[in-house]
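A.B. asks: One structure follows; several queries about it will come next.
Each reported figure results from applying straightforward, stated rules to the coordinates on display, with no laboratory input. Only a predicted model underlies this, so the values are computations on that prediction, with no experimental measurement involved. All Cβ positions, glycine included, derive from the backbone under ideal geometry; neighbour counts span all protein chains shown.
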Amino acid sequence: MSGARAGGARLVATLALAGLASGLAIVSAYRLTLPRIQANQAAALERAVFEVLPGALRMERWLFRDGRLAPATGPAGALDESLFAAFGEQDRFVGWAVPAAGAGFQDTIKLLYGLDPAGARVVGLAVLESRETPGLGDKIFKDADFVAEFSGLAVEPTIELIQGHGEGANQVDAITGATISSRAVVRIVNAGNALWRPRLPDPATVAPSATPAGTVPPDVERGGPVPGGRVGDPG
Amino acid sequence: MSGGAPGGFGAEYVKGLVRENPVFVQALGLCPALAVTNSAINGLAMGVAALAVLTGSSLMVSALRRAIPAQVRISTYIVIIATFVTVADFTLQAIAPDVHRELGAFIALIVVNCIILGRAEAFASRHPVPLALADALGMGSGFTLALVLIGAVREVLGSGSIFGQPLFGAGFEPWVVMILPPGGFLVVGALLLLFARFAEARQRAAERLARGEGAP
């Protein structure tokens, strides 16, 4: 058995020391790994933005504040809603990457989708986070046919989920065996559109701000609030 | 058994691999063995994370075994283990974000993996540092082997691949239930049965040998 029976003061001292050493170790590990973790998350986000917006070479975070959408200048506050403007060659504006979230079959699905500059078509979809059933619900990002439905998908009046084969420009075929997850994705994208499309400025006025190419504020990976929580009442 | 006189470094290492395998023989750590083994690579990552935590905490517990009063030993062990788990969590997030995303909450749950507290209490707190190291490495390797084995079986049957490499042609219809929770129970059950069979056969052989030697 470890040690001998000890008095109360010794017990308190042991636990206090253990707690102190533990706290120091954890804080050191946190501080050492934080830059790498943030860089990883920013890189993952950038990859996702480039994935959902064909032709994108750099991105900028734009905030919706005081009723208008503008390039983020500093770190975003906790209540700011944001999306990403992406630019291609010669700073041509290629579209918006919209983060959105909502309830899936098991847990919240967080995704990012691309809108063309006019906000009329969805051009790409990437699932950032999901705990959908492996083999069934996870087809929302593993089934290439389903993901491909979201390139060039009309958003007017709303995106519809069809069982079987939808021919319309705004129709998505549900995944067999994963109807709930497919429906969740469509619902999240529709809610994101309802929230963001009325806010988008005239695409001709969208130009990269003066910040150096490719910079993203370091707090981006915290994500700010995704519109998911509020999309129910876009009004 | 580990309760008796300690063997050498090698003996303490080897026992955890098969003969006292934490999952298949001691039936410990079944929660991660079921939860994260839907692919071989996930099993490997979880196993290595647990191995790292187990080694760190066993070394610490063994080194401090005379300094920790008996009444608060379990709480102290838990503080030590939780610290290693948190550090492992941050490290994995920094060096392998994809793996971390796959394993999700289960990394933090290594804290309550009974193999780790079990080895701290049953072995590390009663043995010197080198033996505790051997025991932790052995048990950790045994745990990793078990998780990779479960993950490989489930991945081959449920996804038709191994370590992400497709094994069969496009005609293969994956047996999806194997990568869902019920498949975990089926595979773990079958492997437990297999190991129990081996243990029984070995015991019979040992008894036969003993009888044979005892006879004139």
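A.B. asks: How much of the DSSP bridge set in region A:37-221 is antiparallel, in percent, rounded to the nearest 5?
C.D. replies: 90
A.B. asks: Okay, next question. Is the C-alpha gyration tensor of chain B telling us rounded, prolate or oblate? Criteria: a/c under 1.5 is rounded; beyond that, a/b larger than b/c is prolate, otherwise oblate.
C.D. replies: Note, shape of chain B comes out oblate.
A.B. asks: All other residues with a Cβ under 9 Å from the Cβ of A:Ala126 taken together, and with Lys, Arg as +1 and Asp, Glu as -1, what is their net charge?
C.D. replies: Residues near A:Ala126 contribute 0 overall.
A.B. asks: Lys and Arg at +1, Asp and Glu at -1: add these up for the other residues within a Cβ distance under 9 Å of B:Ser125 and post the number.
C.D. replies: +2
A.B. asks: In peptide B:100-112, what is the residue-averaged number of other protein chain Cβ atoms found within 10 Å of each Cβ?
C.D. replies: Shielding by partners across B:100-112 averages 1.
A.B. asks: Continuing with this model, one more query. Which value, in debye to the nearest 20, gives the size of the charge dipole of chain B about its Cα centre, when Lys and Arg are +1 and Asp and Glu are -1 at the Cβ?
C.D. replies: It works out to roughly 600 debye.
A.B. asks: Please report the net charge: other residues with Cβ closer than 12 Å to the Cβ of B:Glu102, K and R +1, D and E -1.
C.D. replies: -1
A.B. asks: Rounded, prolate or oblate: which fits region A:37-221, taking a ≥ b ≥ c as square roots of the Cα gyration tensor eigenvalues, rounded meaning a/c under 1.5, else prolate when a/b beats b/c?
C.D. replies: prolate
A.B. asks: Assign unit charges at the C-beta atoms only (+1 for Lys and Arg, -1 for Asp and Glu), then state the dipole size of region B:110-216 relative to its Cα centre in Debye, rounded to the nearest 20.
C.D. replies: In total the dipole reaches around 260 debye.
A.B. asks: Sticking with this one: With the dipole of the protein assembly as shown worked out from charges on the C-beta (+1 for Lys and Arg, -1 for Asp and Glu) around the Cα centre, which of A:Val147, A:Val206, B:Phe163 lies farthest toward the positive end?
C.D. replies: Value computed over the given set: B:Phe163.
A.B. asks: Per-residue Cβ counts within 10 Å, from other chains only, averaged over A:6-12: what number is that?
C.D. replies: Taking all residues of A:6-12 together, the mean is 3.
A.B. asks: Another question, then. Which one, A:Pro71, A:Ala103, A:Pro54, is farthest towards the positive end of the dipole of region A:37-221 when Lys and Arg carry +1 and Asp and Glu -1 on their Cβ?
C.D. replies: Farthest along the dipole direction, towards plus: A:Pro71.
A.B. asks: Per-residue Cβ counts within 10 Å, from other chains only, averaged over B:179-190: what number is that?
C.D. replies: 1
A.B. asks: Hey, another quick one. Counting other beta carbons within 10 Å of each Cβ, put A:Met59, B:Met46, B:Met139 in order, fewest first.
C.D. replies: Listing A:Met59, B:Met46, B:Met139 from fewest to most nearby Cβ atoms yields A:Met59, B:Met46, B:Met139.
A.B. asks: Counting only DSSP beta bridges with both residues in the protein assembly as shown, tell me the antiparallel percent, nearest 5.
C.D. replies: 90
A.B. asks: Would you kindly derive the ³J(HN,Hα) couplings of region B:25-31 from the backbone phi angles with the Karplus curve 6.51 cos²θ - 1.76 cosθ + 1.60 (θ = phi - 60°), listing them in order in whole Hz, with x for Gly and Pro?
C.D. replies: 9, 7, 6, 9, x, 6, 4
A.B. asks: Under a point-charge model restricted to the Cβ atoms of Lys and Arg (+1) and Asp and Glu (-1), what is the dipole moment magnitude of the protein assembly as shown relative to its Cα centre, in debye to the nearest 20?
C.D. replies: Computed charge dipole of the protein assembly as shown: roughly 2000 debye.
A.B. asks: Right, something else. Could you line up B:Thr86, A:Thr158 from fewest to most neighbouring Cβ atoms inside 10 Å?
C.D. replies: By the 10 Å Cβ count, ascending: A:Thr158, B:Thr86.
A.B. asks: According to the square roots a ≥ b ≥ c of the eigenvalues of the Cα gyration tensor, what is the shape class of the protein assembly as shown, taking rounded for a/c under 1.5, prolate for a/b larger than b/c otherwise, and oblate for the remainder?
C.D. replies: oblate
A.B. asks: OK, next. Going toward the positive end of the dipole of the protein assembly as shown, with +1 on Lys and Arg Cβ and -1 on Asp and Glu Cβ, which of B:Ala120, B:Leu109, B:Phe84 do you reach last?
C.D. replies: Most positive-ward Cα: B:Ala120.
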